[in-house]
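What follows is one structure encoded as structure tokens, with my remarks underneath.
The values are calculated or read from the model by the stated rules, or taken from the named source; none is laboratory data. Source: prediction; values computed, not measured. Neighbour counts are summed over all protein chains in view; Cβ atoms, including those assigned to glycine, are modelled from backbone coordinates with ideal geometry. Calculation scope for accessible area: heavy atoms of the full protein, side chains included, ligands and nucleic acids excluded. Shrake-Rupley method; radii C 1.70, N 1.55, O 1.52, S 1.80 Å.
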Amino acid sequence: FPVTIAGLITPGFHLMADSLASNTANLPMITESEINIPLIEPGLTTEHGMAQGILASQLGAISMGCQYALNHNLNIEACVSSGGNAPLLNEHLQTCLEVTVLHEPDLVLKGLLAWKEIGFSK
């Protein structure tokens, strides 16, 4: 049976935080401690609100991808995440998605290897 692999590429936490701090007047640069938040809730400080917004945007993008698959009758066997904050996202995804959530730190490199192995040249 055919297998479809699809995905989303989004800016990471640090890129989003840097963009907010650099391109929005009077917003601070948030630190790793503000990013590693255990709950999704409205922010009570500027920094907390920024971190919550970044987390919500990441989780929202993944949820939208899953909803797209459901709307198009595509079976999702697993959600595979990669990148620096994937473990934090996975903690939240385990509770809100009804599929297996996996972390693959070398996803891009393994994808390139698979691409080479099946003989794609373009």
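Quick notes on this one:
- Summary value for the chain: 19 percent relative contact order, contacts being C-alpha pairs under 8 angstrom separated by 6+ residues.
- Potential lengthening of the chain between ILE9 and LEU74 amounts to 21.5 nm, from the contour at 0.36 nm per residue minus the alpha-carbon distance.
- Karplus-derived 3J(HN,Hα), 6.51/-1.76/1.60, for each residue of the range 42-57, Hz, glycine and proline x: x, x, 9, 10, 4, 4, 5, x, 5, 4, 5, x, 5, 4, 5, 5
- Phi angles across the range 73-80 convert, under the Karplus curve 6.51 cos²θ - 1.76 cosθ + 1.60 with θ = phi - 60°, into 3J(HN,Hα) values of 6, 9, 7, 9, 8, 7, 10, 10 Hz, Gly and Pro given as x.
- The H on the amide N of LEU27, modeled in the peptide plane, is under 5 Å from the matching H of no residue at least 5 residues off or on a different chain.
- On the basis of the beta-carbon distance and an R0 of 41 Å, HIS48 and ASP106 show a calculated FRET efficiency of 0.80.
- Nearest-ten-degree value, helix 107-117 long axis tilted from longest Cα axis of the chain: 20 degrees
- Altogether, the Stokes-Einstein calculation at 10 °C and 1.306 mPa s, with the Kirkwood radius of the chain over Cα pairs as Rh, returns a diffusion coefficient of 98 µm²/s.
- Residue-normalised accessible area of the chain, expressed per residue, 1.4 Å probe, Å²: 71 Å²
- For the chain, with all protein chains in place and a probe radius of 1.4 Å, 61% of the accessible heavy-atom surface sits on carbon or sulfur.
- Under 5 Å, built H, 5+ apart or other chain: amide partners of VAL80: LEU102
- Estimated distance in nm for a label pair at PHE120 and MET29, the labels positioned 7 Å out from Cα along Cα-to-Cβ: 3.6 nm
- Crossing angle, helix 13-23 versus the chain [Cα axis fit, 0-90 degrees, rounded to tens]: 50 degrees
- Each Lys and Arg Cβ is given +1 and each Asp and Glu Cβ -1; about its Cα centre, the chain then shows a dipole of about 460 debye.
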